[in-house]
Amino acid sequence: MPECRVIHPDQLEVEVRSGSMTRLAGVSQGLVGSTGIHLAIATIPPGCASSPHYHVNCESAIYVAKGRGRFLTGPNLENSLAIGPGDFIYVPPDAVHQPVNDSATEPMELIVARNAPVEIVVEHQPGRASAH
C-alpha cells in the first residue's frame with residue numbers, strides 16, 4: 001500500500017545549479033519515487049540570477065516566497081515581469097526564462113513545482129534561435 005512521506009529540511013535533495021541559483025528538492029523521483037510531480041525550493045543570492053533556459057518536457061509553477069526581482073521571458077529575454085512575495089508564475093514548456101534577484105542584500109526564494117519527475121533543461125543563449 002502506498003505511504004505518505006514527510007521530507008525534513010535536512011533530507012532535501014541537492015539538484016543542479018543554474019547560474020547562481022541553487023535548488024533543493026523535497027518531493028522528487030530520487031527522494032520519494034514520484035512519477036508525475038516534483039517540488040523544490042530555489043534560492044538566488046542577492047544581485048544574481050539563474051542562467052537563461054527552458055524546459056522541453058514539463059510545465060512549471062513557481063511561487064515567490066521571499067525577495068523581489070524580475071522574471072525575464074521571451075526568445076531574447078526581452079520581457080521583464082516584476083515579481084515579489086506572494087506572486088505565482090506559470091512557465092509553459094519551451095518558454096525561455098530567467099529569474100533575477102534585484103536585491104543587493106536579500107536572497108530570493110522560489111518554490112518550484114513541475115509536472116515531470118525529471119526535467120530536461122536547455123541552456124539558452126539570447127540572440128540565438130532555440131531548437132523549439
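Every read-out reported here was derived from the displayed coordinates using simple, explicitly stated rules and does not represent laboratory data. All values derive from a computational prediction rather than experimental measurement. Cβ atoms come from the backbone with ideal geometry, glycine included; neighbour counts cover every protein chain shown.
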> Across the range 17-28, in residue order, what do the Karplus-derived ³J(HN,Hα) couplings come to in whole Hz, using 6.51 cos²θ - 1.76 cosθ + 1.60 with θ = phi - 60° and x for Gly and Pro?
Replying inline: 6, 10, x, 8, 7, 10, 9, 10, 8, x, 10, 8
> Under a plain spin-label model, where a point goes 7 Å from the Cα along Cα-to-Cβ, how far apart in nm are Leu81 and Leu31?
Replying inline: 2.5 nm
> So what's the net charge close to Ser80: Lys and Arg +1, Asp and Glu -1, counting the other residues with Cβ under 12 Å from its Cβ?
Replying inline: -1
>> Whole-Hz ³J(HN,Hα) for each residue in the range 100-105, computed from phi via Karplus 6.51 cos²θ - 1.76 cosθ + 1.60 with θ = phi - 60°, x for glycine and proline: what do you get?
In response: 10, 8, 8, 6, 8, 10
> Using θ = phi - 60° and the Karplus curve 6.51 cos²θ - 1.76 cosθ + 1.60, what whole-Hz ³J(HN,Hα) does each residue of the range 54-63 get, with Gly and Pro shown as x?
Replying inline: 8, 10, 8, 10, 7, 8, 10, 10, 10, 10
> With contacts defined as alpha carbon pairs under 8 Å and 6 or more residues apart, what's the relative contact order of the chain in percent?
Replying inline: 30 percent
>> If amide hydrogens are placed 1.01 Å from N in the peptide plane, which non-local residues have theirs closer than 5 Å to the one on Val27?
In response: Leu39
> Which ordering of Glu15, Glu3 is given by a fewest-first count of other beta-carbon atoms within 10 Å?
Replying inline: Glu3, Glu15
